[in-house]
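The values are calculated or read from the model by the stated rules, or taken from the named source; none is laboratory data. Fair warning: this is a prediction, and the values are worked out from it, not measured in the lab. Glycine gets a Cβ as well: all are built from the backbone with ideal geometry, and neighbour counts include every protein chain shown.
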Amino acid sequence: MLALAQLMVLLDATVVNIALPRAQSALHFSSGNRQWIVTAYALAFGSLLLLGGRLSDLWGRRNALYVGLAGFALASLLGGSAHSFTILVVARALQGVFGALLAPAALAALSVTFSDPKERARAFSIYGLVGGSGAAIGLLLGGALTQWASWRWCLFINIPLAVAALFGVALFVRGARGEHRTRLDVLGTVLASGGLFFLVFGLSHAVTSSWSNAATWGSLVAGAVLLVLFVAWQQRSKFSLLPLRILTNRTRAGSLVALLLTSMGLFAVFLLLAYYLEETLGYSPLRTGVAFLPIVLALSLSSTSASARLLAKTGPRPLVPTGMLLAMMGMVLFTRLTPYSDYWSHVLPGLVVTGLGLGLILAPAIASATAAIEPRDAGAASAMVNTVQQIGGSIGTALLNTIAVTVTTRALVHAKGNVAQAFGVHQGTFAQAQRSATVHGYSVAFWWSAGFFALGTLLTLFLLESGAPGDNASLAGAP
């Protein structure tokens with residue numbers, strides 16, 4: 001049930017992407033405005049996660065799940081029924097608002113519900129499976145719904161999922177009382193939400209403009225300043241939005257680093273590879289979604305057979321670095337793609353190896369990042385996990401997209417000059433050069449993604465500690 005709630009949040013980061021062209025045609029908005037359907041969700045979700053996590057501590061996780069699920073369903077109904085661009089953007093922003101409450105509450109409930117090491121490892125293996133495959137499932141579901149039903153069902157699909165999750169909350173989540181003796185840190189909320197908003201906005205803006213654009217770097221600087229002020233204030237605040245005591249240990253820091261770098265690297269798989277399949281190999285949206293199924297199956301196999309069985313015995317240290325190494329190898333395999341590569345011999349091996357690696361990263365890292373947390377801080381710690389993943393995804397999107405586009409442009413200019421000099425500008429020859437330049441841009445971005453996972457291998461090997469999550473005294477942090 002908690003995994004289902006998390007799946008809803010993750011689906012809406014990708015499922016709408018495939019429906020955008022048909023939504024644009026139906027609602028008659030420009031291509032320039034199309035980005036706001038995605039950005040509105042990302043901005044609201046990313047900037048309010050820390051607040052949502054603290055509210056789940058204050059209200060109680062069961063109440064937070066009720067509000068988050070109901071609000072997310074109503075926002076989805078509004079978006080699916082939208083007959084104007086403005087209403088659709090507002091609905092997407094509302095989805096982000098309620099998603100920011102829902103995601104930390106679901107992870108916090110999972111953290112405090114399962115205390116037995118074996119049960120905890122099994123629960124987090126399922127949660128990690130959902131987290132790692134959510135984007136792939138979104139691509140498949142978005143393609144199927146758009147092709148067989150309507151783009152509106154990419155939003156309506158959340159309603160039955162939310163209803164099922166609400167029944168699950170009522171039946172299985174204990175009605176823990178919130179921390180009513182404390183108050184909300186208003187100044188901390190303003191600083192954190194503002195800082196995260198400008199950070200996510202700056203990174204999103206870099207995708208559609210450039211890193212040198214004044215709005216891009218101005219937003220990034222403003223976000224960094226506000227977040228520095230937020231950390232300084234948290235050291236003095238009596239009612240901290242993010243108690244810094246939960247960050248003062250090696251294993252939790254290593255787990256957050258693993259999630260940050262993994263989120264950065266995954267962009268290369270779920271967006272650049274999707275572009276490659278659709279634009280270079282000519283796959284339909286539905287066929288593209290089906291093509292990603294092997295990574296889901298490999299992740300499922302790795303997560304349930306390795307992470308669930310070994311995490312309770314070994315802890316995260318042998319699992320996460322091994323997963324990072326496998327994911328790096330998967331990225332290296334993708335660098336070998338050409339405009340004429342075959343799916344079975346060139347794409348499939350990379351998907352399988354990457355999926356096996358993700359299964360060893362996500363569940364152990366999330367379990368370790370939320371282990372030995374006091375119930376009063378479970379929501380804040382869970383919000384930190386979600387925030388790190390959101391920021392990592394935003395950085396990966398902006399950085400790797402910029403790298404791919406820049407490399408493609410340079411290669412295309414060079415190829416155009418060569419073609420013109422040797423043959424004259426022949427349309428067919430130039431089209432072939434354009435395909436080659438585009439795939440070269442993807443290849444360089446895949447190398448960067450491999451670098452993220454290589455860095456993750458080294459850092460997690462150094463930071464993570466052996467032993468089952470929760471066994472190390474250092475996980476508890478400072479009192």
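Results for (1) touching a helix residue (DSSP H, G or I) at 6+ places or on another chain (Cβ under 9 Å); (2) farther than 23 Å from ALA222 by Cβ, shown as yes or no for each residue.
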| position | (1), (2) |
| --- | --- |
| GLN24 | yes, yes |
| TYR41 | yes, no |
| LEU48 | yes, no |
| LEU55 | yes, yes |
| ALA73 | yes, yes |
| THR86 | no, yes |
| ALA100 | yes, no |
Condition broken by SER263, with the remaining ones in (1) outside any helix (DSSP H, G or I); (2) modelled with pLDDT of 90 or more satisfied: (1)
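Assess whether THR216 counts as being among the polar types (S, T, N, Q) and surrounded by fewer than 18 Cβ atoms within 10 Å (Cβ to Cβ). Explain how you work it out, then say what you get.
Details: among the polar types (S, T, N, Q): yes; surrounded by fewer than 18 Cβ atoms within 10 Å (Cβ to Cβ): no.
Here the answer is no, as THR216 does not meet what is asked.
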In the set GLY323, GLY359, which member is within 16 Å of LEU458 (Cα to Cα) and of a type outside the set (A, V, I, L, M, F, W, C)? GLY323
Filtering segment 273-305 down to residues that are surrounded by 20 or more Cβ atoms within 10 Å (Cβ to Cβ) and of a type in the set (A, V, I, L, M, F, W, C) yields LEU273, ALA274, LEU277, ALA291, PHE292, ILE295, VAL296, ALA298, LEU299
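Which of the residues spanning segment 363-376 are surrounded by fewer than 23 Cβ atoms within 10 Å (Cβ to Cβ) and either outside the structural domain of LEU271 (by TED's automatic domain parsing) or on the phi < 0 side of the Ramachandran plot (or both)?
Of all residues in segment 363-376, those surrounded by fewer than 23 Cβ atoms within 10 Å (Cβ to Cβ) come to 372, 374-376.
Of everything in segment 363-376, those that are surrounded by fewer than 23 Cβ atoms within 10 Å (Cβ to Cβ) and either outside the structural domain of LEU271 (by TED's automatic domain parsing) or on the phi < 0 side of the Ramachandran plot (or both) turn out to be GLU374, PRO375, ARG376.
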All but one of (1) part of a helix (DSSP H, G or I); (2) surrounded by 21 or more Cβ atoms within 10 Å (Cβ to Cβ); (3) aliphatic (A, V, I, L, M) hold for ALA224; which doesn't? (2)
Let me spell it out: the conditions are (1) modelled with pLDDT under 90; (2) surrounded by fewer than 17 Cβ atoms within 10 Å (Cβ to Cβ); (3) not β-branched (Val, Ile, Thr), and PHE167 meets all of them except one. Which number is the exception? (1)
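Could you grab me the full set of residues in segment 285-313 that are of a type outside the set (A, V, I, L, M) and either touching a strand residue (DSSP E or B) at 6+ places or on another chain (Cβ under 7 Å) or at pLDDT 85 or above (or both)? Step through it out loud before you land on a result.
The initial filter retains those residues of segment 285-313 that are of a type outside the set (A, V, I, L, M), namely 285, 287-289, 292, 294, 300, 302-305, 307, 309, 313.
Listed by number, the residues that qualify are ARG287, THR288, GLY289, PHE292, PRO294, SER300, SER302, SER303.
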In segment 274-308, anything under 22 Å from the mean Cα position of the chain (by Cα) and among the hydroxyl-bearing types (Ser, Thr, Tyr) is listed as TYR275, TYR276, THR288, SER300, SER302, SER303, THR304, SER307
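Picking from MET324, MET329, which residue would you name as being assigned to a helix (DSSP H, G or I) and either among the acidic types (Asp, Glu) or surrounded by fewer than 20 Cβ atoms within 10 Å (Cβ to Cβ) (or both)? Working first, answer last.
Working: MET324 fails: either among the acidic types (Asp, Glu) or surrounded by fewer than 20 Cβ atoms within 10 Å (Cβ to Cβ) (or both).
Answer to the check: MET329.
Conditions tested, residue by residue: (1) surrounded by 20 or more Cβ atoms within 10 Å (Cβ to Cβ); (2) touching a Gly at 6+ places or on another chain (Cβ under 7 Å); (3) more than 20 Å from ILE18 (Cβ to Cβ); (4) basic (Lys, Arg).
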site	(1), (2), (3), (4)
VAL38	no, no, no, no
SER47	yes, no, yes, no
LEU51	yes, no, yes, no
VAL67	no, no, yes, no
GLY80	no, no, no, no
THR86	no, no, yes, no
ARG92	yes, yes, no, yes
ALA100	yes, yes, yes, no
I need every pair where a residue in segment 37-59 that is touching a residue at least 60 places away in the same chain (Cβ under 8 Å) has its Cβ under 7 Å from the Cβ of a residue that is among the charged types (D, E, K, R) and in a helix (DSSP H, G or I), sequence separation at least 6 or different chains. ASP57/ARG376; ASP57/ASP377
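Which residue, of SER341, SER394, SER345, SER382, is more than 29 Å from LEU110 (Cβ to Cβ), part of a helix (DSSP H, G or I) and not hydrophobic (A, V, I, L, M, F, W, C)?
On the way: SER341 fails: part of a helix (DSSP H, G or I); SER394 fails: more than 29 Å from LEU110 (Cβ to Cβ); SER382 fails: more than 29 Å from LEU110 (Cβ to Cβ).
One residue alone meets the criteria, SER345.
Restricting to segment 18-35, count the residues that are assigned to a helix (DSSP H, G or I) and surrounded by fewer than 20 Cβ atoms within 10 Å (Cβ to Cβ). Give the derivation first.
Initial filter on segment 18-35 (assigned to a helix (DSSP H, G or I)): 18-27, 31-35.
So of that shortlist, the ones also surrounded by fewer than 20 Cβ atoms within 10 Å (Cβ to Cβ) come out as 20-22, 24-27, 31-35.
The qualifying residues number 12.
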Can you tell which of LEU360, LEU348 is at pLDDT 90 or above, more than 20 Å from ALA13 (Cβ to Cβ), of a type in the set (A, V, I, L, M) and buried (at least 21 other Cβ atoms within 10 Å of the Cβ)? LEU360
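Mind checking which helices (runs of 4 or more DSSP H) fall wholly inside segment 80-171 and carry at least 1 residues that are β-branched (Val, Ile, Thr), over 22 Å from GLY60 (Cα atoms) and over 20 Å from the mean Cα position of the chain (by Cα)? Steps first, please.
On the way: elements: 85-113, 117-148, 153-156.
Answer list for segment 80-171: 85-113, 117-148.
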Verdict on SER56 being touching a Pro at 6+ places or on another chain (Cβ under 7 Å), within 16 Å of LEU101 (Cα to Cα) and part of a helix (DSSP H, G or I): yes
